There are 2 protein chains.
Amino acid sequence: MRRRSTLRLSAEDLASGHAIACQTVIEGAAAISLLPQEEVTRHLTTDRTAVDDQVPLVYDFLRDQTLRAFYLELTPPDLADQTDDLSRVQRALRREHDLEHLVTNLVVLQALGDTLRAADWKVTAIVESDTWQQPDGPPRLLDVLPGDRTGRLFGAALDIGTTSNVVYLVDLNSGKLLARAVDYNGQIARGEDVISRIIYASKNDGLTELQGLVLQTFNGLLERAARRARVSPQEIYKVTAAGNTTMTHLFLGLPPQSIRLSPFVPAVNSPPPFLAADIGLQAHPRAGVNCLAGVASYVGSDISAGVVSSGLMEADQLTLFLDIGTNGETVLGTKDWLLTCACSAGPAFEGAGVEHGMRATAGAIEEIWINGETYEPSYRVIGGGKPEGICGSGLISLLAELFITGVIDRAGNPKRRLRTPRVREGHHGLEYVVAWADDTANGSDIVLTKVDIDNLVRTKAAIYAGYTVLCRSAGIDPSDVQQVLIGGAFGQYINVEKAVQIGLLPDLPWDRFQFLGNTSIKGAYMALLSRDARRRVEEAAGMMTYVELSADNSFYNNFTSALFLPHTEIARFPSVEAVFQNGARKSPQAVGEGVSVNP
Amino acid sequence: MRRRSTLRLSAEDLASGHAIACQTVIEGAAAISLLPQEEVTRHLTTDRTAVDDQVPLVYDFLRDQTLRAFYLELTPPDLADQTDDLSRVQRALRREHDLEHLVTNLVVLQALGDTLRAADWKVTAIVESDTWQQPDGPPRLLDVLPGDRTGRLFGAALDIGTTSNVVYLVDLNSGKLLARAVDYNGQIARGEDVISRIIYASKNDGLTELQGLVLQTFNGLLERAARRARVSPQEIYKVTAAGNTTMTHLFLGLPPQSIRLSPFVPAVNSPPPFLAADIGLQAHPRAGVNCLAGVASYVGSDISAGVVSSGLMEADQLTLFLDIGTNGETVLGTKDWLLTCACSAGPAFEGAGVEHGMRATAGAIEEIWINGETYEPSYRVIGGGKPEGICGSGLISLLAELFITGVIDRAGNPKRRLRTPRVREGHHGLEYVVAWADDTANGSDIVLTKVDIDNLVRTKAAIYAGYTVLCRSAGIDPSDVQQVLIGGAFGQYINVEKAVQIGLLPDLPWDRFQFLGNTSIKGAYMALLSRDARRRVEEAAGMMTYVELSADNSFYNNFTSALFLPHTEIARFPSVEAVFQNGARKSPQAVGEGVSVNP
């Protein structure tokens, strides 16, 4: 076997014998195993994000904008007042608006004279204060436009997700959200998680390519959102971005390698502000791009933004904040102290690494109920048609039902002697058939294998171990947690009861759980409107003590003991224990309606 | 006549019938007059600038550098200290050097991680303070380099002259001048004075072309100076530039049109600092480029820099500062007040607009003596060979001698009845033959025509009228002036006695005159080394009250009455009057040796 290209493979991949099929020549007898693949469905069901509107912004922030537009009617120069053009603008801003020490850019100056004269000295000055994120930094004149344009002052909040990219287009005068646009991150085809992206970035022009892809995605989103709101992207004068640390590095073209290697140190957690033109973002070229402050290599500004937008920074009660995604970032604390960690949960709940897993798009099974006597399932499919696969909430639901009905044991092993054809021997050992070929969209059985179950159990165990270590570090018991805030687009659709049954979420009264949707974009939106909110994000980042789990032996112990359903010590999940003891199960249908935020 | 291109002609040129020969098709009978042309000799005699070294910097400035290099031995990160790369550098600079709120650039960040690791965490940080010319502005990290490079910190001072461009390469650690390089401004072929450059810039891509040409010149000069000093242009971390307002606009790519049109308002007198990469200057790409503060459209930063480097800002005595060049900028005052004007003297003293005029290069007659009885001249030629033409100091000398010996009358008219073949009727009326064809380099007579004389008289009259108006505006008499500081490369070679005889310089005791050489580059050099000096230049610019001569009727009256030799009222030039009354002339040779700074 001769590999012609190893572009997308890490040293570890190569050592373990991986090769890229279309780039490899078979030169003799070979045993080939194919990695599980998933085709990315290139649309997001927009109705699934509508919940964002229903969830209020928890943190009640003061609107306190750094960007302002001033309409100036300048006295034209004459022989008695030969003040130069820039000084004339500066003087008016000083006299009429108390702006001292205004600085500007060469490009502004190059256009200034013509603009002033063509507009008959009636112009709008776009000024950003607090430029260097310092209250005493000099205000920056970022454009001078003809006529009165004070009514058209727009900004954009960005969420740079590993999987999804989101843009909020905002009217900076009213603070109103004008349009939202969501798309998959164009980098997905170059690797599904941050580690594979980092590896890709380290090869040849990988970094430039990845930066180009995410910018292409955002430029498309900005254009779409702007078109919907009847705004020109050139009228977007301010951009605030949140994202995990790797995504932020790739967005800015910063080499991310050191994030992956011990001691896991990024180039920067809190990037200074840049201009849109510096990175090629298609807003106004001199729009300031503020990447919010993150905490560490695996706890980025999406989390610090989430901590602020979720209200955790104001919490009197002991609060657990979970971002249930690939990185499994977790924060524990109150307004006075915060601990954080990332538990590398893996992408199983996002549908990756599971044979029939898929994202939460049309055709995905999102909730499942299993009859405790017949072991026959019933399920709900997104969009209502025949199922193609199972998304994260469906997987949680399925795992819980399999466990509660006794199809699998506490170690996740399917039981052989059940009276049902749905448990059978498959290619990867025992498996449960969720849907027969006749009932599926692509005409083949949808199953959950033992390998899938192990993956899911490892993922939930990692998340459980993460918050458990944080609780132990703080000297508290998980049952002391007064509220659990769940962020991330994924976090919106989880059925709490089932997530508790598998041991993913702690066993607490259901009213302690709140689903907040995309807390990252909400934090970016707040920081876009309010310097106070931006400072809160910085404070949140500075306040969080990062617990490096790879350096913590107790994480491994907690992880290992969580590799059971719901846990080695079932006493930690009394409500689950009660289900078994009482044999009293409520109607799953009723539970689903009562707790899930699904329709 | 059909003009195929009018690229280099103004509307006025076109109206008065001008055309470009190679771009015009003659379609019938035509009467054509050719404009006088001068071929630019493409080298500057470097020995002629050597006087710069001999003239001390008058203003005794405090060295107070904004740019510093810090050697840092950083503690490498480990699992107990996962501080990000930028914060690690910021922390060290804060702890060890009290630098707070360090800001930086995306490009620095993009290279930071690799540099730190490759250099084993031992690096040099290049930091500029006072970035926004504000004491409390945030310091700027402009590069991080491997190892200890603190010894290699260089800067460049630039003089952007209409005719000549000068670079001083400076060691910012020692303050020492390492190398100097001088060349003609590459824009010369696009127009000899600022007005023709402004016209050129207004057409098609003229502005871009002119900016490209002057940058090409400076990039060549920076490279030459750097090579001589064994420095890489990349090690030039700071640039300070002085120049007249039009040249500064073209250097920065700012449209200069409004400078030329009433009310003569530039885009900016005091440009904010830019980066070398913003304009394509081949220093370190993130070197700050500080264009010093000028006063008005026709009094640029070359003059405010000159006011500081000449010591005028510290003068107790009433001082006149003259920059005798095309623009004829003049400053009058003391340390407490300053008036300034520009009198559009024209380029006659720079050899342009005079039939056999030329620049002060090899082959130019630079001083002339005429025998009062035979009217035969003797002269000194730069470089010692046969003459090719007459440079500015030669023209002043010639005009004075013609006048004192009675070859011409007080109105500048040659006398017909002298017993000498040297006064004759030429193509443009009467003329004086300075050198016969046999004695010249190009085999044709060198003459001074009546037209030339009128040009020279108008030029000296404009300069005289300029400082006279300033004196009147200040309520003083020119004879009250205690010292006359003469700047500009041209100003170094004038024979004071002769300049007084023609009424160019005021009739004051010779010891009141000081020739300071290129005061503009000296001011830029000081501002490069000292933030105090830079602020002094700003103060100087702010302190100067600009008198717009085109709005001042008394300028025209003074100009008209100065159209005689030395002046309508000869009583204003008592020493000249005495020469006539006494008939007592000292040996010109002795005068030349005694006063001129020529060898």
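The values are calculated or read from the model by the stated rules, or taken from the named source; none is laboratory data. Predicted, not measured: the structure shown is a model, and the values here were computed from it. No Cβ is skipped: glycine too gets one built from the backbone with ideal geometry, and neighbour counts run over all protein chains shown. Only protein heavy atoms, including side chains, enter the accessible area calculation; ligands, DNA and RNA are left aside. Shrake-Rupley method; radii C 1.70, N 1.55, O 1.52, S 1.80 Å.
Take B:Trp436, push a point 7 Å out from Cα through the beta-carbon direction, and compare it with the same point in every other copy: 12.7 nm, smallest first.
Shown is the FRET efficiency for A:His428 and A:Ala111, computed with R0 = 60 Å from the Cβ-Cβ distance and rounded to the nearest 0.05: 0.40.
Protection proxy ranking, highest mean first, for peptides A:408-415, B:334-341, B:309-316: B:309-316, B:334-341, A:408-415, where packing is the per-residue count of other beta-carbon atoms within 10 Å, averaged.
What is the average number of partner chain Cβ atoms found within 10 Å of a Cβ in B:546-553?
Details: counts 1, 0, 3, 0, 1, 4, 1, 0.
That average works out to 1.
Summary for B:Ile476: label point 7 Å along Cα→Cβ; distances to the equivalent points in the other copies, ascending, 7.8 nm. Straight-line reach from B:Lys415: taking Cα to Cα under 26 Å and skipping same-chain neighbours fewer than 8 places apart, the lysines in range are B:Lys450, B:Lys460, B:Lys498, B:Lys586.
Counting only other chains, and only Cβ atoms inside 10 Å, what mean value do you get across the residues of A:70-81? All intermediate terms of the calculation are to be shown ahead of the outcome.
Working: counts 0, 0, 0, 0, 0, 0, 2, 5, 4, 8, 3, 2.
Per residue, the average neighbour count from other chains is 2.
Summing -39500 (n - 2.57) over the DSSP H runs of n ≥ 4 in chain B and dividing by its residue number, what mean residue ellipticity at 222 nm do you reach, to the nearest 500 deg cm²/dmol? Write out the running numbers ahead of the final one.
Values: 18 runs with 184 residues, N = 599.
Theoretical 222 nm ellipticity from helices: -9000 deg cm²/dmol.
The simple Förster model, with R0 at 22 Å and r as the Cβ-Cβ distance, assigns B:Ala571 and B:Gln482 a FRET efficiency of 0.55. Each other copy holds its own label point for B:Gln581; taking that point as 7 Å from Cα along Cα to Cβ, the gaps run 13.0 nm, nearest first. Percent of Cα pairs in the protein assembly as shown per distance bin of 10 Å, from zero to the largest separation: 2, 9, 15, 17, 14, 11, 9, 8, 6, 4, 3, 1, 0, 0, 0.
Mind checking the angle between helix A:519-529 and chain A's longest principal axis? C-alpha axes, 0 to 90 degrees, to the nearest 10. It works out to around 10 degrees. For the residues of B:269-280, the average number of beta carbons from a partner chain within 10 Å of their own beta carbon is 3.
Working from label points 7 Å from Cα in the Cα-to-Cβ sense, the B:Ser202 to A:Asn582 distance is 9.0 nm. With all protein chains in place and a 1.4 Å probe, the accessible surface of chain A carries 49 percent carbon and sulfur. Region B:200-269 and region B:554-583 have Cα centres spaced 40 Å apart. For A:Lys238, the amide hydrogen comes within under 5 Å of the amide hydrogens of A:Ala156, counting only partners 5 or more places away or on other chains and with H modelled in the peptide plane.
In percent, what relative contact order does chain B have, based on Cα pairs under 8 Å that are 6 or more apart in sequence?
Numbers: 1269 pairs, mean separation 78.0, N = 599.
The value is 13 percent.
Ignoring ligands, DNA and RNA, how much accessible area is buried between chains B and A, both sides summed, with a 1.4 Å probe, to the nearest 100 Å²? It would help to have the intermediate numbers written out before the result.
Values: alone 24660 and 24660 Å², together 45750 Å².
That pair hides around 3600 Å² of surface in total.
A crude spin-label estimate for the pair A:Ala29 and B:Arg230, with each label 7 Å from Cα along the Cβ direction, gives 6.9 nm. Sequentially through region B:70-79, phi angles give Karplus couplings (6.51, -1.76, 1.60; θ = phi - 60°) of 10, 8, 10, 10, 7, 6, x, x, 9, 5 Hz, Gly and Pro residues having no value and appearing as x. Positive end of the dipole of chain B (Cβ unit charges, origin at the Cα centre): among B:Gly346, B:Asn558, B:Gly517, the Cα lying farthest that way belongs to B:Gly346.
Near A:Leu99, the amide H atoms lying under 5 Å from its own belong to A:Arg94; only residues 5 or more places off or on other chains count, and H is placed 1.01 Å from N.
In Å², what does the accessible area per residue of chain B work out to with a 1.4 Å probe? Could you put the intermediate results ahead of the total?
Details: 22870 Å² over 599 residues.
The answer is 38 Å² per residue.
Using a cut-off of under 18 Å, list every residue of region B:139-156 whose amide N is near the label point 7 Å from the Cα of B:Arg94 along the Cα-to-beta-carbon line. Hits in region B:139-156 for B:Arg94 at 18 Å: B:139-142. For region B:158-248, taking Cα atoms only, Rg and Dmax work out to 14.1, 46 Å respectively. Note on B:Lys122: lysines with a C-alpha under 25 Å away, same-chain residues under 8 apart excluded, are B:Lys238.
Volume per residue for chain A equals 159 cubic angstrom (convex hull of Cα atoms). When the residues A:Glu209, B:Glu366 are ordered by accessible surface, computed with a 1.4 Å probe over the protein chains alone, the sequence from largest down reads A:Glu209, B:Glu366.
Highest mean first, the peptides A:74-87, B:193-206 sorted by other C-beta atoms within 10 Å per residue fall in the order B:193-206, A:74-87.
Taking R0 as 22 Å, what FRET efficiency do you get between B:Asp438 and B:Thr374 from their Cβ-Cβ distance, rounded to the nearest 0.05?
0.75
With each label modelled as a point 7 angstrom along the Cα→C-beta vector, the A:Glu223-A:His101 pair spans 4.1 nm.
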